[in-house]
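Student: Quick one: structure below, then a few questions.
The values are calculated or read from the model by the stated rules, or taken from the named source; none is laboratory data. Computed from a prediction, not measured in an experiment: that's the story for all the values here. Cβ placement follows ideal geometry from the backbone for every residue including glycine, while neighbour counts extend to all protein chains displayed. Protein only, heavy atoms only, side chains kept; ligands, DNA and RNA dropped before computing areas. Shrake-Rupley method; radii C 1.70, N 1.55, O 1.52, S 1.80 Å.
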Amino acid sequence: MSIPYSLLLLLLCLIKTTTSIVTADRKTTTTRHNRFREAPQFYNSPDCPSRITEEEDQEDEDVSMLCSDNSVHVAMTLDAAYLRGSMAAIQSVLQHSSCPQNVDFHFVASVSTDTQYLYNTISKSFPYLRFHIYRFDDSAVLGLISTSIRAALDCPLNYARNYLANLLPLCVRRVVYLDSDLILVDDIAKLAATELGEDTVLAAPEYCNANFTTYFTPTFWSNPSLSLTFEGRKACYFNTGVMVIDLERWRDGDYTRKIEEWMELQKRMRIYELGSLPPFLLVFAGNIASVDHRWNQHGLGGDNFRGLCRDLHPGPVSLLHWSGKGKPWVRLDASRPCPLDALWAPYDLLKTPFALDS
(Lines give C-alpha, C1' and ligand atoms only; values in the text may rest on other atoms or scores of the structure.)
Protein backbone atom coordinates (compact mmCIF):
# COMPACT_ATOMS: atom_id res chain seq x y z
CA MET A 1 0.00 0.00 0.00
CA SER A 2 1.45 3.36 -1.02
CA ILE A 3 1.46 6.29 1.40
CA PRO A 4 0.10 9.62 0.07
CA TYR A 5 2.88 12.16 -0.33
CA SER A 6 1.09 14.70 1.88
CA LEU A 7 0.96 12.21 4.77
CA LEU A 8 4.57 11.15 4.26
CA LEU A 9 5.63 14.80 4.22
CA LEU A 10 3.87 15.50 7.50
CA LEU A 11 5.44 12.45 9.12
CA LEU A 12 8.92 13.48 7.99
CA CYS A 13 8.46 16.98 9.41
CA LEU A 14 7.18 15.56 12.69
CA ILE A 15 10.13 13.17 12.94
CA LYS A 16 12.53 16.03 12.29
CA THR A 17 10.95 18.15 15.01
CA THR A 18 10.60 15.35 17.55
CA THR A 19 14.20 14.26 17.08
CA SER A 20 15.29 17.80 17.85
CA ILE A 21 13.40 17.87 21.13
CA VAL A 22 12.94 14.72 23.16
CA THR A 23 14.54 11.31 23.52
CA ALA A 24 13.00 10.29 26.83
CA ASP A 25 9.75 10.48 28.77
CA ARG A 26 8.77 14.04 29.71
CA LYS A 27 8.24 12.97 33.32
CA THR A 28 11.93 12.15 33.69
CA THR A 29 14.82 14.56 33.75
CA THR A 30 16.57 12.79 30.88
CA THR A 31 15.60 14.95 27.94
CA ARG A 32 17.40 16.49 25.03
CA HIS A 33 15.57 19.79 25.14
CA ASN A 34 17.97 22.53 24.15
CA ARG A 35 18.41 24.83 27.09
CA PHE A 36 19.09 28.48 26.52
CA ARG A 37 20.48 31.13 28.82
CA GLU A 38 18.60 34.30 29.64
CA ALA A 39 19.34 37.16 27.29
CA PRO A 40 20.14 40.63 28.63
CA GLN A 41 17.27 43.09 28.69
CA PHE A 42 17.45 45.97 26.23
CA TYR A 43 15.74 49.31 26.86
CA ASN A 44 14.33 52.04 24.64
CA SER A 45 16.42 55.11 24.00
CA PRO A 46 14.98 58.33 25.48
CA ASP A 47 13.57 59.55 22.17
CA CYS A 48 11.51 56.39 21.44
CA PRO A 49 7.79 57.08 20.99
CA SER A 50 5.36 55.66 23.53
CA ARG A 51 3.17 52.82 22.34
CA ILE A 52 0.17 53.94 24.43
CA THR A 53 -1.38 57.32 25.18
CA GLU A 54 -2.22 58.73 28.59
CA GLU A 55 -5.94 58.59 27.79
CA GLU A 56 -6.02 54.82 27.34
CA ASP A 57 -7.26 52.63 30.18
CA GLN A 58 -4.87 50.27 31.92
CA GLU A 59 -7.11 47.30 31.05
CA ASP A 60 -6.84 48.17 27.37
CA GLU A 61 -3.06 48.58 27.51
CA ASP A 62 -2.19 45.22 25.98
CA VAL A 63 -4.51 45.74 23.03
CA SER A 64 -3.38 49.34 22.59
CA MET A 65 0.28 48.36 22.58
CA LEU A 66 -0.34 45.55 20.10
CA CYS A 67 -2.23 47.85 17.75
CA SER A 68 -0.03 50.90 18.22
CA ASP A 69 1.36 52.59 15.13
CA ASN A 70 4.59 53.00 17.10
CA SER A 71 5.12 49.24 17.32
CA VAL A 72 7.42 47.33 14.99
CA HIS A 73 5.85 43.96 14.23
CA VAL A 74 8.13 41.02 13.41
CA ALA A 75 6.77 37.67 12.21
CA MET A 76 8.73 34.41 12.25
CA THR A 77 7.92 30.73 12.10
CA LEU A 78 8.91 28.68 15.12
CA ASP A 79 9.74 25.02 15.52
CA ALA A 80 12.10 22.88 17.58
CA ALA A 81 14.43 22.08 14.69
CA TYR A 82 15.25 25.75 14.05
CA LEU A 83 14.68 27.09 17.56
CA ARG A 84 18.35 27.78 18.17
CA GLY A 85 18.46 29.93 15.07
CA SER A 86 15.25 31.72 16.04
CA MET A 87 16.62 32.58 19.48
CA ALA A 88 19.75 34.08 17.94
CA ALA A 89 17.64 36.08 15.48
CA ILE A 90 15.47 37.49 18.28
CA GLN A 91 18.56 38.42 20.27
CA SER A 92 20.06 40.24 17.28
CA VAL A 93 16.87 42.19 16.57
CA LEU A 94 16.65 43.44 20.16
CA GLN A 95 20.35 44.16 20.56
CA HIS A 96 20.51 46.44 17.53
CA SER A 97 17.12 48.11 17.90
CA SER A 98 16.99 51.71 19.08
CA CYS A 99 13.51 51.00 20.53
CA PRO A 100 13.56 47.29 21.49
CA GLN A 101 10.60 47.66 23.86
CA ASN A 102 8.50 48.74 20.88
CA VAL A 103 9.09 45.48 19.01
CA ASP A 104 6.31 42.87 18.98
CA PHE A 105 7.12 39.33 17.83
CA HIS A 106 4.52 37.16 16.14
CA PHE A 107 5.54 33.50 16.03
CA VAL A 108 3.74 30.95 13.88
CA ALA A 109 4.01 27.32 14.96
CA SER A 110 2.50 24.14 13.58
CA VAL A 111 -0.49 22.70 15.43
CA SER A 112 1.54 19.49 15.74
CA THR A 113 4.31 21.30 17.65
CA ASP A 114 4.57 21.52 21.44
CA THR A 115 3.75 25.22 21.60
CA GLN A 116 3.87 25.22 25.41
CA TYR A 117 7.53 24.20 25.24
CA LEU A 118 8.22 26.94 22.70
CA TYR A 119 6.39 29.50 24.83
CA ASN A 120 8.26 28.50 28.00
CA THR A 121 11.62 28.52 26.24
CA ILE A 122 11.17 32.00 24.82
CA SER A 123 9.71 33.35 28.06
CA LYS A 124 12.65 32.02 30.06
CA SER A 125 15.29 33.52 27.79
CA PHE A 126 13.37 36.74 27.08
CA PRO A 127 11.14 37.32 30.15
CA TYR A 128 10.45 40.91 29.10
CA LEU A 129 9.62 40.15 25.45
CA ARG A 130 6.20 40.97 23.99
CA PHE A 131 5.31 38.02 21.79
CA HIS A 132 2.39 35.95 20.55
CA ILE A 133 2.29 32.39 19.22
CA TYR A 134 -0.24 31.47 16.54
CA ARG A 135 -1.03 27.86 15.74
CA PHE A 136 -0.83 27.09 12.02
CA ASP A 137 -3.06 24.29 10.76
CA ASP A 138 -0.87 22.15 8.50
CA SER A 139 -3.93 20.84 6.70
CA ALA A 140 -4.49 24.30 5.20
CA VAL A 141 -1.54 23.78 2.87
CA LEU A 142 -0.53 20.13 3.09
CA GLY A 143 -2.52 19.05 0.04
CA LEU A 144 -1.01 21.84 -2.03
CA ILE A 145 2.67 21.06 -1.46
CA SER A 146 4.68 19.43 -4.24
CA THR A 147 8.08 17.79 -3.89
CA SER A 148 11.04 20.13 -4.33
CA ILE A 149 14.79 19.77 -4.66
CA ARG A 150 15.32 19.51 -0.88
CA ALA A 151 13.00 17.76 1.58
CA ALA A 152 13.46 20.45 4.24
CA LEU A 153 11.79 22.94 1.89
CA ASP A 154 8.61 20.87 1.78
CA CYS A 155 7.55 21.14 5.43
CA PRO A 156 4.17 22.90 5.71
CA LEU A 157 5.54 25.53 8.11
CA ASN A 158 7.65 26.91 5.25
CA TYR A 159 4.37 28.00 3.68
CA ALA A 160 3.01 29.73 6.80
CA ARG A 161 4.21 33.11 5.51
CA ASN A 162 1.44 32.82 2.89
CA TYR A 163 -1.13 32.97 5.70
CA LEU A 164 0.16 35.76 7.94
CA ALA A 165 -2.72 38.03 6.97
CA ASN A 166 -5.15 35.37 8.21
CA LEU A 167 -3.28 34.60 11.43
CA LEU A 168 -2.26 37.98 12.80
CA PRO A 169 -4.77 40.44 14.36
CA LEU A 170 -6.49 42.78 11.92
CA CYS A 171 -5.01 45.81 13.68
CA VAL A 172 -1.49 44.70 12.69
CA ARG A 173 -1.20 46.51 9.40
CA ARG A 174 2.47 46.06 8.56
CA VAL A 175 4.86 43.28 9.48
CA VAL A 176 8.50 42.42 8.86
CA TYR A 177 8.80 38.72 8.05
CA LEU A 178 12.12 37.09 8.94
CA ASP A 179 13.47 33.58 8.48
CA SER A 180 15.05 31.82 11.47
CA ASP A 181 18.54 31.46 9.99
CA LEU A 182 19.61 35.09 10.07
CA ILE A 183 20.86 37.87 12.33
CA LEU A 184 20.45 41.63 12.13
CA VAL A 185 23.29 44.04 12.80
CA ASP A 186 21.19 47.17 12.25
CA ASP A 187 18.00 48.72 13.58
CA ILE A 188 14.97 46.79 12.36
CA ALA A 189 12.87 49.97 12.54
CA LYS A 190 14.72 51.17 9.44
CA LEU A 191 13.62 48.10 7.52
CA ALA A 192 10.07 48.29 8.86
CA ALA A 193 9.81 51.90 7.64
CA THR A 194 10.45 50.93 4.00
CA GLU A 195 8.31 53.05 1.68
CA LEU A 196 5.74 50.89 -0.12
CA GLY A 197 4.11 53.56 -2.25
CA GLU A 198 0.39 53.86 -2.84
CA ASP A 199 -0.54 50.28 -3.65
CA THR A 200 2.50 47.97 -3.31
CA VAL A 201 1.92 44.98 -1.04
CA LEU A 202 5.44 43.99 -0.09
CA ALA A 203 9.07 45.04 -0.21
CA ALA A 204 12.23 42.96 -0.39
CA PRO A 205 15.75 43.18 -1.83
CA GLU A 206 15.67 42.28 -5.53
CA TYR A 207 18.43 40.50 -7.42
CA CYS A 208 17.94 41.26 -11.09
CA ASN A 209 21.30 39.76 -12.08
CA ALA A 210 20.07 36.28 -11.10
CA ASN A 211 18.90 34.06 -13.96
CA PHE A 212 15.17 34.33 -13.39
CA THR A 213 14.30 31.61 -15.89
CA THR A 214 15.91 28.90 -13.72
CA TYR A 215 13.20 29.23 -11.09
CA PHE A 216 10.64 27.67 -13.44
CA THR A 217 10.61 24.55 -15.57
CA PRO A 218 10.71 24.31 -19.38
CA THR A 219 7.07 23.27 -19.14
CA PHE A 220 6.27 26.72 -17.74
CA TRP A 221 8.28 28.71 -20.27
CA SER A 222 7.06 26.68 -23.26
CA ASN A 223 3.44 27.37 -22.41
CA PRO A 224 2.50 30.84 -23.76
CA SER A 225 -0.44 31.24 -21.40
CA LEU A 226 1.90 30.71 -18.45
CA SER A 227 5.05 32.51 -19.58
CA LEU A 228 2.98 35.60 -20.36
CA THR A 229 2.42 35.90 -16.60
CA PHE A 230 5.46 38.17 -16.42
CA GLU A 231 4.63 40.26 -19.50
CA GLY A 232 4.92 43.95 -18.71
CA ARG A 233 6.67 43.22 -15.40
CA LYS A 234 10.38 43.65 -14.76
CA ALA A 235 10.43 40.38 -12.87
CA CYS A 236 13.48 39.79 -10.68
CA TYR A 237 14.33 37.17 -8.11
CA PHE A 238 13.81 38.12 -4.48
CA ASN A 239 14.37 36.05 -1.35
CA THR A 240 11.22 35.52 0.73
CA GLY A 241 13.19 35.17 3.98
CA VAL A 242 13.19 38.95 4.50
CA MET A 243 10.07 40.88 3.53
CA VAL A 244 8.09 43.92 4.61
CA ILE A 245 4.39 43.17 4.09
CA ASP A 246 1.35 45.44 4.17
CA LEU A 247 -1.21 43.03 5.61
CA GLU A 248 -4.19 45.29 4.88
CA ARG A 249 -3.35 45.40 1.17
CA TRP A 250 -2.63 41.67 1.21
CA ARG A 251 -6.08 40.96 2.60
CA ASP A 252 -7.78 43.40 0.22
CA GLY A 253 -6.08 41.73 -2.76
CA ASP A 254 -6.73 38.18 -1.51
CA TYR A 255 -3.10 37.31 -2.19
CA THR A 256 -3.20 34.11 -0.16
CA ARG A 257 -5.69 32.72 -2.64
CA LYS A 258 -3.62 33.88 -5.61
CA ILE A 259 -0.59 31.99 -4.26
CA GLU A 260 -2.71 28.90 -3.64
CA GLU A 261 -3.97 28.95 -7.22
CA TRP A 262 -0.41 28.63 -8.51
CA MET A 263 0.26 25.82 -6.04
CA GLU A 264 -2.85 24.03 -7.30
CA LEU A 265 -1.60 24.34 -10.87
CA GLN A 266 1.79 22.98 -9.80
CA LYS A 267 0.03 19.84 -8.56
CA ARG A 268 -1.40 19.30 -12.06
CA MET A 269 1.67 20.23 -14.13
CA ARG A 270 5.16 20.77 -12.77
CA ILE A 271 6.07 24.39 -13.40
CA TYR A 272 8.76 24.88 -10.71
CA GLU A 273 11.14 22.93 -8.47
CA LEU A 274 11.97 25.10 -5.47
CA GLY A 275 9.41 24.87 -2.64
CA SER A 276 7.53 27.94 -1.45
CA LEU A 277 9.51 30.59 -3.35
CA PRO A 278 8.18 30.26 -6.95
CA PRO A 279 4.51 30.96 -6.11
CA PHE A 280 5.65 34.21 -4.47
CA LEU A 281 7.61 35.11 -7.59
CA LEU A 282 4.65 34.32 -9.82
CA VAL A 283 2.39 36.65 -7.87
CA PHE A 284 4.76 39.44 -6.86
CA ALA A 285 7.96 39.51 -8.97
CA GLY A 286 8.21 42.85 -10.73
CA ASN A 287 5.53 44.37 -8.50
CA ILE A 288 7.39 44.87 -5.24
CA ALA A 289 9.13 47.80 -3.60
CA SER A 290 12.86 47.31 -3.70
CA VAL A 291 14.97 47.24 -0.53
CA ASP A 292 18.71 47.85 -0.34
CA HIS A 293 20.71 44.63 -0.61
CA ARG A 294 22.30 45.34 2.76
CA TRP A 295 19.07 44.03 4.33
CA ASN A 296 19.54 40.50 3.00
CA GLN A 297 23.08 39.27 2.59
CA HIS A 298 21.64 35.88 1.71
CA GLY A 299 23.10 32.58 0.58
CA LEU A 300 25.57 32.23 3.49
CA GLY A 301 24.36 28.65 3.97
CA GLY A 302 25.61 27.72 0.51
CA ASP A 303 23.46 26.02 -2.10
CA ASN A 304 20.61 23.56 -1.52
CA PHE A 305 22.80 20.50 -2.08
CA ARG A 306 26.20 20.83 -0.38
CA GLY A 307 25.97 23.97 1.75
CA LEU A 308 29.50 25.13 0.96
CA CYS A 309 31.01 28.27 2.47
CA ARG A 310 30.32 31.57 0.77
CA ASP A 311 31.57 35.12 1.09
CA LEU A 312 29.53 38.26 1.63
CA HIS A 313 28.23 40.14 -1.36
CA PRO A 314 30.02 43.47 -1.95
CA GLY A 315 28.63 46.42 -0.04
CA PRO A 316 27.40 47.31 3.45
CA VAL A 317 25.65 44.78 5.69
CA SER A 318 22.57 45.18 7.89
CA LEU A 319 21.37 41.56 7.88
CA LEU A 320 23.22 38.26 7.39
CA HIS A 321 21.14 35.33 6.14
CA TRP A 322 22.30 31.71 6.13
CA SER A 323 19.82 30.62 3.47
CA GLY A 324 20.80 27.35 1.80
CA LYS A 325 21.60 23.95 3.24
CA GLY A 326 24.36 24.90 5.71
CA LYS A 327 23.32 26.39 9.05
CA PRO A 328 25.88 28.08 11.32
CA TRP A 329 24.89 26.25 14.51
CA VAL A 330 25.21 22.87 12.79
CA ARG A 331 28.62 23.67 11.34
CA LEU A 332 29.86 25.15 14.63
CA ASP A 333 28.77 22.06 16.58
CA ALA A 334 30.52 19.86 14.04
CA SER A 335 33.72 21.93 14.42
CA ARG A 336 33.58 22.66 10.70
CA PRO A 337 32.45 26.27 10.60
CA CYS A 338 32.65 28.60 7.66
CA PRO A 339 34.48 31.89 8.35
CA LEU A 340 31.26 33.92 8.44
CA ASP A 341 29.67 31.58 11.01
CA ALA A 342 31.79 33.40 13.58
CA LEU A 343 29.53 36.43 13.05
CA TRP A 344 26.49 34.37 14.11
CA ALA A 345 28.11 32.79 17.18
CA PRO A 346 27.93 35.84 19.54
CA TYR A 347 24.10 35.76 19.31
CA ASP A 348 23.84 32.06 20.17
CA LEU A 349 22.00 31.64 23.47
CA LEU A 350 22.45 27.88 23.80
CA LYS A 351 24.06 26.98 27.11
CA THR A 352 27.42 25.27 26.88
CA PRO A 353 27.57 21.72 28.33
CA PHE A 354 29.46 22.76 31.46
CA ALA A 355 26.78 25.38 32.22
CA LEU A 356 23.70 23.20 31.75
CA ASP A 357 23.13 22.66 35.47
CA SER A 358 23.66 26.24 36.50
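Student: Before anything else, pin down the relative contact order of the range 225-358: Cα pairs under 8 Å, at least 6 apart, normalised by residue count, whole percent. Write out the running numbers ahead of the final one.
Tutor: On the way: 128 pairs, mean separation 25.3, N = 134.
Once normalised by length, the contact order is 19 percent.
Student: Would you mind telling me the share, in percent, of accessible area of the range 91-183 contributed by carbon and sulfur at probe 1.4 angstrom?
Tutor: Working: 1550 of 3010 Å².
Roughly 52 percent, rounded to a whole number.
Student: Determine the relative contact order of the range 57-189: mean sequence separation of Cα pairs under 8 Å and six or more apart, normalised by residue count, in whole percent.
Tutor: Values: 165 pairs, mean separation 54.4, N = 133.
Once normalised by length, the contact order is 41 percent.
Student: Listed highest first by mean packing, meaning other Cβ atoms within 10 Å per residue, what order do 122-129, 65-72 come in?
Tutor: Details: 122-129: 15.9, 65-72: 17.4.
Per-residue mean Cβ counts within 10 Å order the peptides as 65-72, 122-129.
Student: Also: Can you tell me the accessible area per residue over the range 118-213, all protein chains present, probe 1.4 angstrom, in square angstrom? Kindly include the intermediate steps, with their values, before the conclusion.
Tutor: Working: 3710 Å² over 96 residues.
Computed with neighbouring chains in place, this is 39 Å² per residue.
Student: Just the number please: accessible area per residue for the range 236-358, 1.4 Å probe, all protein chains included, in Å².
Tutor: Details: 5550 Å² over 123 residues.
Per residue, the range 236-358 has an accessible area of 45 Å².
Student: Could you please state how large a percent of the accessible area of the range 261-303 is carbon and sulfur, counting protein chains only and using a 1.4 Å probe?
Tutor: On the way: 640 of 1470 Å².
Whole-percent figure for carbon plus sulfur exposure: 44.
Student: Taking a spot 7 Å from the Cα of Leu265 along the direction of its beta carbon, which residues of the range 280-308 have an amide N less than 20 Å from it?
Tutor: Hits in the range 280-308 for Leu265 at 20 Å: 280-288.
Student: Same structure, new question: What is the set of long-range amide H partners of Arg174 at a cut-off below 5 Å, with H atoms built 1.01 Å from backbone N?
Tutor: Amide H to amide H, under 5 Å and 5 or more residues apart or across chains, Arg174 pairs with Leu247.
Student: Over all alpha-carbon pairs in the range 109-161, figure out the percentage whose distance exceeds 17 Å. Before the final figure, lay out each step's value.
Tutor: Details: 661 of 1378 pairs.
So the pairs more than 17 Å apart make up 48 percent of the total in the range 109-161.
Student: Right, next: Could you list the GluC sites (Glu not before Pro) in the range 159-261 that lie in coil according to DSSP, counting only those with at most 10 other Cβ atoms within 10 Å of their Cβ? Mind showing how you got there, number by number?
Tutor: Values: sites: Glu195, Glu198, Glu206, Glu231, Glu248, Glu260, Glu261; in loops: Glu195, Glu198, Glu231.
Answer in residue order: Glu195, Glu198, Glu231.
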